[in-house]
Amino acid sequence: MATTANPGMQVEGPLQQLTYRIIGAAMKAHNAVGPGLKESAYHHALALELQREGLSYEEERGTEIYLEGTSIGLLYLDLLVEGSVVVEVKAFSHMLTDEELAQVITYLGATGLPVGVLVNFGRGRLEYRRILPPTKLNEWKKRISRYVWKPRTD
């Protein structure tokens, strides 16, 4: 499934090629491992394929988020590829929903990064979406509390 979540905008140039390479690596990982495993297994399999592709990446990248100058906590990106693409890994037996798309859109709005790739390894066929930032950047603020990790202050 090759769809872009913001159909009015297109990924072009180097970012388009980069997202194709990421999706290709995800396909190789899915074909090698198959469905039915935990998300962490797919996360590691995808990281291995990204490495084989010669792509740089950071795993579980913590990004501090600020609202109106105040830190509200951290977002943890599954993978940040080449410093510019957020990759969110899922292992759901159901098809991706608007909630998973919203998570990646939130990450893009919060980080200012140009594109995200959402992949679902949990089905018989790899499901993926290329996602662009929201046109109204303030919309991500409504959803961010679900995804922010904040240390306990007990």
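Read the figures in this text as sums done on the coordinates, not as results from a lab. Since we're looking at a predicted model, the values are computed, not measured. All Cβ positions, glycine included, derive from the backbone under ideal geometry; neighbour counts span all protein chains shown.
Annotation: amide H of GLU127 within the under-5 Å range of ASN120, sequence separation 5 or more or interchain, hydrogens built in the peptide plane.
Using amide H atoms built 1.01 Å from N in the peptide plane, name the residues 5+ places from PHE92, or on other chains, whose amide H lies under 5 Å from its own. HN-HN under 5 Å from PHE92: PHE121, GLY122. Residue ranges 86-98, 105-117, 19-31 sort as 105-117, 19-31, 86-98 when ordered by packing (mean number of other C-beta atoms within 10 Å per residue, highest first).
Net length available on complete extension from ALA32 to SER93 is 20.2 nm, with 0.36 nm assigned per residue and the Cα-Cα distance removed. Sorting the segments 52-64, 122-134 by their residues' average number of neighbouring beta-carbon atoms within 10 angstrom, most packed first, yields 122-134, 52-64.
Using R0 = 35 Å, the C-beta based FRET efficiency linking SER40 and SER71 works out to 0.80.
Taking amide hydrogens as placed 1.01 Å from N in the peptide plane, the amide H of TYR57 sits under 5 Å from those of GLU82, each at least 5 positions away in sequence or on another chain.
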